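Take a look at the structure set out below.
Nothing in this text is a laboratory measurement; each read-out follows from the coordinates by a stated rule. What you are looking at is a predicted structure, and each value in this text was computed from that prediction instead of being measured. Quick reminder, even Gly has a Cβ in these numbers, built from the backbone with ideal geometry, and neighbours come from all protein chains shown.
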Amino acid sequence: MEQKKIVILGAGESGAGAAVLAKLKGYDVFVSDSGAIKDKYKIIFSENKIEFEEKKHSTEKILQAVEVIKSPGIADTAPVMKKILEKKIPVCGEIEFASRYTKSKMIGITGTNGKTTTTLLTHYILSKAGLKAGLAGNVGHSLAMLVAKDPQDYYVIELSSFQLDDMKNFKADIGILLNITPDHLDRYPSFQNYIDSKFSITRNQTAADAFIYCEDDPVITENLPKHNISAQRYPFSIKKKTMPGAYLDQHEIIINHLNQTFTMSIHNLSLQGRHNVYNSMAAAVAANILNIRKEVIRDCLSDFRNAEHRLELFATVHGVDYVNDSKATNVNSTWYALESFHRPVILILGGVDKGNDYTILKELVCEKVKAIVCLGKDNKKIHKAFKDCVKIIVDTASADEAVATASGLATKGDVILLSPACASFDLFDNYEDRGRQFKRAVKAL
């Protein structure tokens, strides 16, 4: 019997995982990437006898597929995708494909900001509770690779809007929506399209499933009635009492589900700042729904260490704190970062602007920032936005130069904060590369 052909577009983490799983399930697999493929993925393809090509797309071969699994980074408007869609070949994402081959519980986490922190924290709690839990999606491993090579009972998955767009039948047993603010508007026709993309975390959920969301987010609450949500709702809020779910009563977080209630002081949270109270609430509600013991949840919320590049206090040099928040690739992430500091800040800002509106930062910048060090090729918009309230705005063209300039402007007790509010591709490979170069420059001091 002839094998059915599956084509994987994009040979990164998700593409490699999808290819291995498809091969394991008996498909004839072909991987195609328009760019160069990293050696570690070439080794995986060779070991699994998977055919691949790099730096091109062989259209004729690709159009022989019965299904295409595409990387979330590839837009439907890409030339190769237009041909695939014209031929009406079914297209899905790696998460969707992987979910067909597992009956394990899925905890899907999305939102414009805080996804990585909440995903890591939720996974940490599950693991500490002794559950067999895998970390997948935008953080951790490819879900397909885990399903193929290291199956788990639970999967905690960070989901970007692009990943959600490539899903039709995926179902989250627990879906978490943290917040929605304008982002990726270069890829969506309108903000409403982006909102609908985020809400698709609730797609296919039933009354037996859980939907955890922020009651304080105006975009979420305004859009709730527009979506037919079947799941049991668990709102969390720091402004009002919510039952079931989580809320803040003075300095105590109250988590409640069925007849189970437990409290914890926000002063005992390892992650500080208002946005992290929300992230901690979301993870705690998910853990509570899974009947994880209160003591385990409490311990995890108090001793969790956040991800690299996310408000990471990296070093203190001559009384100045250096904080790596390179993962802040949009304005809202930078807002959250600034909001959590109560000392003078020297802010390293800039990169590839995704249609940023800096006005939402203005009040916090005027209040907290004593100097801005621009790290990008085109910084005109930053100068224009903050020239009225920040006297010192300096342009730099490398992490070394930015750190040297910032440290020259700092005095004891200040914070030097890399929180760029922009993508990194003008000067760096990605936000991780930007964060690591920042840390190397700090070490060199």
So, with +1 on the Cβ of K and R and -1 on the Cβ of D and E, and no other charges, what is the size of the charge dipole of the stretch 312-444 about its Cα centre, to the nearest 20 debye?
240 debye
Which of the trypsin sites (Lys or Arg not before Pro) found in the stretch 212-286 are loop residues per DSSP with 13 or fewer other Cβ atoms within 10 Å of their Cβ?
Lys239, Lys240, Lys241
To the nearest 500 deg cm²/dmol, what mean residue ellipticity at 222 nm is calculated for the chain from DSSP H runs of n ≥ 4 alone, each contributing -39,500 (n - 2.57), summed and divided by the residues?
-10000 deg cm²/dmol
Scattering from the C-alpha atoms of the stretch 98-303 alone, worked out with Debye: what is log10 I(q)/I(0) at q = 0.08, 0.17 1/Å?
-0.24, -1.16
10 Å beta-carbon shell around Leu120, net charge (K/R +1, D/E -1):
+2
Considering only C-alpha atoms, what is the centroid distance from the stretch 102-172 to the stretch 239-268, in Å?
25 Å
Within the chain, cysteines having no neighbouring cysteine beta carbon under 4.7 Å are Cys92, Cys214, Cys300, Cys374, Cys422
Roughly what % antiparallel, to the nearest 5, for the DSSP beta bridges in the chain?
20 percent
Long-range alpha-carbon pairs in the stretch 312-444, meaning those over 21 Å apart, account in percent for 29 percent
Which loop GluC sites (Glu not before Pro) in the stretch 1-84, with loop taken from DSSP, have no more than 11 other Cβ atoms within 10 angstrom of their Cβ?
Glu2
Residues of the stretch 263-282 with amide N under 20 Å of the 7 Å Cα→Cβ point at Glu339:
265-282
For the chain, give the magnitude of the charge dipole about the Cα centre (Cβ charges: +1 Lys/Arg, -1 Asp/Glu; no others), in debye to the nearest 20.
320 debye
Among the listed pairs Lys105/Lys294; Lys42/Lys70; Lys226/Lys294; Lys40/Lys439; Lys23/Lys61; Lys327/Lys412, give every one whose C-alpha distance is greater than 23 Å.
Lys226/Lys294; Lys40/Lys439; Lys327/Lys412
Tally the DSSP beta bridges in the stretch 98-303 and give the antiparallel ones as a percent, rounded to 5.
30 percent
Please give the per residue volume of the convex hull enclosing the alpha carbon atoms of the chain, rounded to a whole number of Å³.
153 Å³
Checked against the positive end of the charge dipole of the stretch 312-444 (+1 on Cβ of Lys and Arg, -1 on Cβ of Asp and Glu, about the Cα centre), the farthest of Gly319, Gly351, His383 is Gly319
Please report how far the C-alpha centroid of the stretch 51-74 lies from that of the stretch 288-355, rounded to the nearest whole angstrom.
38 Å
What aspartates and glutamates sit close enough to Lys384 to cross-link, taking a C-alpha to C-alpha distance under 19 Å and skipping anything fewer than 8 places away on the same chain?
Asp353, Asp357, Glu363, Glu367, Asp395
Treating cross-link reach as a plain straight distance, find the aspartates and glutamates whose alpha-carbon is under 13 Å from the alpha-carbon of Lys132, omitting any fewer than eight places away in the same chain.
Asp150, Asp153
Among 311-323, 134-146, the order from most to least packed when residues are scored by Cβ within 10 Å on average
134-146, 311-323
Using the Cα centre of the chain as origin and beta-carbon charges of +1 (Lys, Arg) and -1 (Asp, Glu), tell me which of Gln205, Leu418, Leu178 is placed farthest towards the positive end of the dipole.
Gln205
Expressed in angstrom and ordered largest first, the alpha-carbon extents of the stretch 5-89 along the principal axes are 34, 26, 20
